[in-house]
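Here is the structure we will look at, set down as structure tokens.
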Amino acid sequence: MGNSETRSRTNACPQLSGTGPNSELFRVSSRPGPKLDRAESGSYPEPSEPPGAVEMSSNETGSSREALRVLQLNTLLTGGGTDDQCVKLAAGLHQAGVNVALAGPSGREFSSVVQNLGVPLEDTGAEGFIKLRYISVVAGIIRRRRIQVVHGHHGRDYWPTILAALMSGQRPRIVLTRHLAKSPGSWPGRWLILSLCDALVACSQFVAKVLREGDADPNSPEEERHWRPPMRGNQRKIRVIYGGFQLERFQPMDLDHPAVAAMRSSWGVKPGEFVFGVVGGFMLPRGKGQREFLAAAALIRERVPQARFLILGRGDMRELLEQDIVRLGLPGVARLPGYCTDMPAAMNALDCMVHPQIGTEAMPGVVVEAHACGRPVVASALDGIPEAFAMGGLGELVPSENVPALAAAMERVALGPALNLEERRRVHDRVASRMSLERYAQETLALYQELLVQSR
């Protein structure tokens, strides 16, 4: 979940017991962070036929046996956190027996993924001037499919979702999801959207807090953090549904597992070396804290000589990061292996995943996936990161942009005891019980059904 509308990578459920902002799992200090009691991606499900139709009442469908009809809207499908969660939700609803389709452009990175999952892709073609063609096409799809719920995900899709629903004449329920840790950028969006939609889903409790109250961090070096204004209107429409992940793919594996061993070998990692890794894109001006990660690496490299520091991902900061490696004296111990397509193997090949975010963050999937593999995480304690961290609770949270604190936490993890495979599996089970794709789909489906029985 990224830092812009187009690069964005939870029942109205209460905060999980023991994971609130004041709990031990959210502590920020220079001391070792919370760890599990030792006694205690980006991947998709295989396509399958729906196990059975989700039945609606005869008042809604005309037949007590007809499946709920849902249309997911996405004008990008180019990759990133928002596209990932949109496609996974469509797949999860399909598996739950919902008659779901996705309206978006063909020929994009995620277009074929949608179709391979068995979810119909309604090709919307070119958007046209101020998306007028797209709106007209989607309105036609809503009429033809007799859609009951239309669900938009990107901020750029909110108005097209609302207008297409209104133009269709079908009166579908309108659901929008906020995958970013900030309100829509325009004042019409902040003032009018809540009055026009039936529900606005926040992907974390922190995002819901921003939407309801706003958030101020005037001392941050990041301008976008200085003031994030709230939404106006009926804030009871704001609901929280955490995203979902296919965590069966993110299982703990030993370092001698063939896929894990091959991954470490491709990185040039030798036996006995301890691998820290940052996973994510690195776009100018500051990426996701990769430069701070390298600065922390320089502080501990002599005290932890077996440590290696990897930056997995792609972006336009590569030359700058390579210069940092030389300037900080890290050649041979810090590397940029590039973009990785086998994230389950990569998460297991890391000994510790580091997420030193400095911008805004709604709900980082990489933290969930690392914990699902039983790997410790050292991450910035900002925005929705503590909520993601609490799902596994293994590692430490540190103040954002505090390089000495980041370095100290990394050193403690590297020099501390490692979990065995059975202990890592317990961490996986803890995460899977809270962040599964099935739960994501079922909680979203429950919201749809609730809205359909309400009068407008």
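No value in this document is a laboratory result; all are computed from the given coordinates. Values in this document were obtained by computation on a predicted structure and should not be read as measured data. Cβ atoms come from the backbone with ideal geometry, glycine included; neighbour counts cover every protein chain shown.
Could you point to the label whose value was computed as Cα Rg over 2.2 N^0.38 Å for the structure here, given (i) 0.98; (ii) 1.16; (iii) 1.05? So the calculated entry is the one marked (i). Bridge orientation summary for the chain: considering DSSP beta bridges with both residues in this region, about 5 percent are antiparallel. The ranking of 237, 288, 182 by Cβ neighbour count inside 10 Å, starting from the fewest, reads 237, 182, 288.
Could you tally the net charge around residue 104, taking each other residue with its Cβ under 11 Å from the Cβ of residue 104, Lys/Arg +1 and Asp/Glu -1? Here the count lands on -4. Would you list, by chain and number, the lysines whose Cα falls below 17 Å from the Cα of residue 209, excluding same-chain residues fewer than 8 positions away? Result set, ordered by chain and number: 182, 237.
With neighbour counts taken as other beta-carbon atoms within 10 Å, the residues 143, 412, 171, 439 rank, fewest first, as 171, 143, 412, 439.
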